[in-house]
Amino acid sequence: MLKSSVLICALLTLGVTTTVGAGEEARPNAVVDVEMQCNTMVGAFEVDPAAARAVLPAQYELALQPSGNALVYLQASNCGGSGNGDLLGAFDLADVWLAIEGPFDVTPIPGAYATIPTINVYVLKAQTTSKWIKTHCAAIHFPKELIRSLEVGGPIVPGRQGYVVEMTGRAYSWTEVFPCMEYSLQNPACWMFPDPAPKIPVGFLEPPFMLGTNVLGYIDRSPGNAAKKEMGCLMDVAGQGIVQLQLDKNSNLAELGIFQDGQLGFFWDSTATCHLVMTAN
């Protein structure tokens, strides 16, 4: 994992000045502040724009891809860290983010070789194994769904598989495949972000690439029930390629109506040090 001094520098880039003290209950307009070190898979899937538009409030605009499709991210992480100063132990997170239009910004993450432009997203699904995170996020109108278990896939090696088991026992999973072993800057076939994002000159069995990412996320599912998330990560990227999603049709993920069973997308794997801040708007 990354050194704590690097994490402290990364926290400063977010400009966070308000936190909730250890032992306090999160309240509306309070802040849920999580520092974490994670083993992470980020998948990016092109989905039908009509289905995506149907789950996005009218005040947001889809960030359509050159194909005309919408883009949705599935981020799955096995983590450890602290929340509002309290040690949380091991916990897991799975988030579904729909790419939306937003202000262009590149806030550098200290220690990264390159920081990609801020990813603007609408939060469609947020799942966790942590009762602390669920409870505190719910107090600021940021719903988190409790799940039984999540496994990213263990050590970052070619061919790894991961899964999420929801509280109902229904599940979804993913399998990573690797057509990017012959990656080149001239043919970045598996890179999931459009220009002007830097291309990652890395494949499995090559040295990792230190990449900075910032995410600005929104949720606003009813009047007076709005929240925002900001996350900055220093990611030690160790591989990328194609990922295939397998869905139980009755899982909460499938019920979003935007994913198809067997759907293919791009992925990248990393170990990451992240700072996540969630606030009520």
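The values are calculated or read from the model by the stated rules, or taken from the named source; none is laboratory data. Since the structure is predicted, the reported quantities are computational estimates derived from the model, not experimental observations. Note that each Cβ is placed from the backbone with ideal geometry, even for glycine, and that neighbours are counted across all protein chains shown.
SER67: without any contact (Cβ under 8 Å) to a residue 60 or more places away in the chain and assigned to a loop (DSSP other than H, G, I, E, B), yes or no?
The answer is yes for SER67.
Kindly indicate whether any position in segment 114-128 is of a type outside the set (A, V, I, L, M, F, W, C) and loosely packed, with under 15 Cβ neighbours inside 10 Å.
no
Within segment 100-114, which residues are over 15 Å from GLY217 (Cα atoms) and assigned to a strand (DSSP E or B)?
Passing the criteria: only ALA114.
Which of (1) farther than 22 Å from GLY262 by Cα; (2) crowded, with 21+ Cβ neighbours inside 10 Å is the odd one out, the single condition ALA58 does not satisfy?
Failing condition for ALA58: (2).
Select from segment 215-262 the residues that are part of a loop (DSSP other than H, G, I, E, B) and of a type in the set (Lys, Arg) and write down the one among them that is nearest to ASP33 (Cα to Cα).
Ranking the candidates gives ARG221 first.
Return yes when ILE156 is assigned to a loop (DSSP other than H, G, I, E, B), modelled with pLDDT of 85 or more, among the aliphatic types (A, V, I, L, M) and out of contact with any Phe, Trp or Tyr (no Cβ under 6 Å at 6 or more places or on another chain) and no when it is not.
So ILE156 fails the test.
Consider only pairs whose beta carbons are under 7 Å apart and that are at least six residues apart or on different chains; among these, list those whose first residue lies in segment 77-99 and is under 20 Å from LEU216 (Cα atoms) and whose second residue is aromatic (Phe, Trp, Tyr) and not in a strand (DSSP E or B).
Here the result reads GLY83/TRP132, each pair linking segment 77-99 to a residue that is aromatic (Phe, Trp, Tyr) and not in a strand (DSSP E or B).
Just to be sure, is GLN37 at pLDDT below 95, of a type in the set (S, T, N, Q), surrounded by 13 or more Cβ atoms within 10 Å (Cβ to Cβ) and not in a helix (DSSP H, G or I)?
So GLN37 does not fit the description; no.
How many of the residues making up segment 129-169 are polar (S, T, N, Q) and surrounded by fewer than 17 Cβ atoms within 10 Å (Cβ to Cβ)?
Count: 4.
In segment 115-139, which residues are in contact with a Phe, Trp or Tyr (Cβ under 8 Å, 6 or more places away or on another chain), part of a strand (DSSP E or B) and either farther than 25 Å from GLU61 by Cβ or of a type in the set (Val, Ile, Thr) (or both)?
If the condition is that a residue be in contact with a Phe, Trp or Tyr (Cβ under 8 Å, 6 or more places away or on another chain), part of a strand (DSSP E or B) and either farther than 25 Å from GLU61 by Cβ or of a type in the set (Val, Ile, Thr) (or both), then ILE119, VAL121, VAL123, THR128 are the ones that fit.
Select from segment 227-243 the residues that are crowded, with 18+ Cβ neighbours inside 10 Å and either over 16 Å from the mean Cα position of the chain (by Cα) or at pLDDT below 85 (or both) and list them in ascending order.
ALA227, ALA238, GLY239, GLN240, GLY241
Among the residues of segment 54-63, is there at least one that is in a strand (DSSP E or B) and at pLDDT 95 or above?
Looking for residues that are in a strand (DSSP E or B) and at pLDDT 95 or above, one finds at least one in segment 54-63, hence yes.
Would you check if LEU87 is surrounded by fewer than 18 Cβ atoms within 10 Å (Cβ to Cβ), part of a strand (DSSP E or B) and not small (Gly, Ala, Ser)?
So LEU87 passes the test.
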